[in-house]
1. Expressed in whole Å with the largest first, what are the equivalent ellipsoid semi-axes of segment 185-280 derived from the C-alpha gyration tensor as the square root of 5 times each eigenvalue?
2. About the Cα centre of segment 71-138, how large is the charge dipole given +1 on each Lys and Arg Cβ and -1 on each Asp and Glu Cβ? Please answer in debye to the nearest 20.
3. Defining a contact as two alpha carbons under 8 Å apart and six or more residues distant in sequence, what relative contact order in percent does segment 127-262 show?
4. Which ³J(HN,Hα) values in Hz, rounded to whole numbers, follow from the phi angles of segment 114-127 under the Karplus curve 6.51 cos²θ - 1.76 cosθ + 1.60, where θ = phi - 60° and Gly and Pro get x?
5. Enumerate the calculated ³J(HN,Hα) couplings along segment 142-154 in order (Karplus 6.51 cos²θ - 1.76 cosθ + 1.60, θ = phi - 60°), each rounded to whole Hz, writing x wherever the residue is Gly or Pro.
6. TYR53's amide H: which non-local residues (gap 5+, or another chain) put their own amide H closer than 5 Å, with H modeled 1.01 Å from N in plane and none for Pro or chain starts?
7. Quick check on segment 120-234: what does the Kirkwood estimate of hydrodynamic radius come out to from the alpha carbon pairs, in Å?
8. For Cα pairs less than 8 Å apart in space and 6+ apart in sequence, what is the mean separation divided by the residue count of segment 219-280, i.e. the relative contact order in percent?
Amino acid sequence: MTRTRWVLALLVVSAVGGTLVFAQRYYDRGGVPDWQTDKEFAHDVFTFVRIQYSSGYGGGGFGPGRGRRGFGRGGGRWATDYPDSDLNFSYRLQQLTSLEVNPDGLILELTDPELFNYPFIYIVEPGYLVFTEEEVVALRRYLLNGGFLMVDDFWGQEEWYNFYYEIKRVFPDREPVELPLSHPIFRAVFELKEKPQIPSVDAAIRGRPYGITWEREDAREPHYRALYDDKGRMMAIICHNTDLGDGWEEEGTDEWFFREFSEKKAYPMGINIVFYAMTR
């Protein structure tokens, strides 16, 4: 996707209602803000960890990386929206909250021993994902040992059935549970009035005259489903018929998209998910 201009918005959480207030200026996307984490909290830094998987369109892409910036598009489906979404979300998370956040993030495979050093992982475009047996075992172990998985950006029934089949390989005896809007995750930091549906920026612009926010006819309703462990801890949230990552990646592509989807939906929901996962 086009990487031309980026909106830097000074976002502040209002004391009332979690409203985002901002003043904006523009500069080149190559100037993504950087920051130093507090050395006193070196072991308490939140790191956005994207999972690289080998299946699906594009194969293995450009291989695992740790904190590397500036990769072009062209990896497998696991690399969709990378690196912009990860960098932008990490920036907004540290800007809007008191969390100490790694400015770079990581890319890891599920079988990497380092995975257990990080409590939060992100899998994107799982609609055609096929886990290896090693990945099934590793993901089950990671989640049962306290890890948290966010799944994002897949649409329609075919892609849901594929992911459902794969996650049932991980947990044959556990069923994804639809989260009601009253669930605390929808108000952990920002209070959301509806389950947010974020389309790609192109789909949003095409659908704007008609109020359409879905990317295909069998994906009109956004779903947020969860997997729980035996103690009732949420181990995973599955964001289906929505694409939070595009709301992060494309925040500077179109001002209307930024205001309607990035600011109001994608960032608030993402921040809610991280805060809920890290505090429960």
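Nothing in this text is a laboratory measurement; each read-out follows from the coordinates by a stated rule. The model shown is predicted, which means the values in this text are computed figures rather than measured ones. Using ideal geometry, Cβ is built from the backbone for each residue, glycine included, and neighbour counts are taken over all protein chains shown.
1. Details: eigenvalues 130, 46, 19 Å².
So the equivalent ellipsoid measures 26, 15, 10 Å along its semi-axes.
2. For this selection, approximately 320 debye.
3. 31
4. 5, 3, 6, 7, 10, x, 9, 10, 10, 10, 10, 6, x, x
5. 4, 5, 6, 9, x, x, 10, 10, 10, 10, 8, 6, 8
6. TRP78
7. Details: mean 1/r = 0.0633 Å⁻¹.
Final number for the Kirkwood radius of segment 120-234 is 15.8 Å.
8. On the way: 56 pairs, mean separation 15.5, N = 62.
It comes to 25 percent, rounded to a whole number.
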